[in-house]
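The values are calculated or read from the model by the stated rules, or taken from the named source; none is laboratory data. Computed from a predicted model, the values in this text were never measured in an experiment. Counting neighbours? That spans all protein chains shown, and the Cβs are built from the backbone with ideal geometry, glycine included. For accessibility, only protein heavy atoms count, side chains too; no ligands or nucleic acids. Shrake-Rupley method; radii C 1.70, N 1.55, O 1.52, S 1.80 Å.
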Amino acid sequence: MNAVPTWILVLQALLTPAIAVAVGVIAFLQWRTAHQKVILDLFDRRIAVFNKSRDFYLTVMRHGVHQDPVDVGRFHHVRNEAAFLFGKEISELLERFHVALINMSTQALMAKDVDNEDHSSHVRASYDHMKEAIALAVQFESRFAPYMRMDQKRIQTPAEWLEERNRIRLSYADEKQQ
């Protein structure tokens, strides 16, 4: 006859699956934490590109014509960062914005070196390119917004989950239930 009580044998048999379930839950929670960290890191990199683009635009607005070619050239770094963080439409938007800034800066530099008629035509061309750059920069917020969404949810407690399920169930009821 076996000297070990039956209830201890049952507990021994249930211990292995209980440990396996606990390990599975811990693994899932670690995966979720790592996934959220990746999303947050991606958001941080994307918001940095957005802020650099916006700051560059605000500098142009504040100082008028960007007459320093080095400043305009620095925008290449922003475009390079954006190339792999955003879709094609953002890369194209930033490229068109950069080209408008380069053209505006070039026309402004050319206006400094010429007189009379040519001067006014270069100033006019520079102004037109500045209007184009402004029109493109106005689109920044709406075009970047879909990439900035942080739509992951916090894991609910069992009570919150049941409350939400009950709210959904009540919303389908023919008559409102209490």
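Values for this structure:
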item	result
Residue match in the range 77-85 (condition: under 29 Å from the mean Cα position of the chain (by Cα) and touching a residue at least 60 places away in the same chain (Cβ under 8 Å))	yes
Test: residue in the range 161-177 that is in contact with a helix residue (DSSP H, G or I) (Cβ under 9 Å, 6 or more places away or on another chain), open to solvent by 100 Å² or more (accessible area, probe 1.4 Å) and at pLDDT below 85	yes
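Yes/no matrix, rows are residues, columns are (1) open to solvent by 80 Å² or more (accessible area, probe 1.4 Å); (2) farther than 22 Å from ALA83 by Cα:
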site: TRP7; (1), (2): yes, yes
site: ALA20; (1), (2): no, yes
site: GLY24; (1), (2): no, yes
site: PHE28; (1), (2): yes, yes
site: THR33; (1), (2): yes, yes
site: LYS37; (1), (2): yes, no
site: ASP41; (1), (2): no, no
site: ARG46; (1), (2): no, no
site: PHE50; (1), (2): no, no
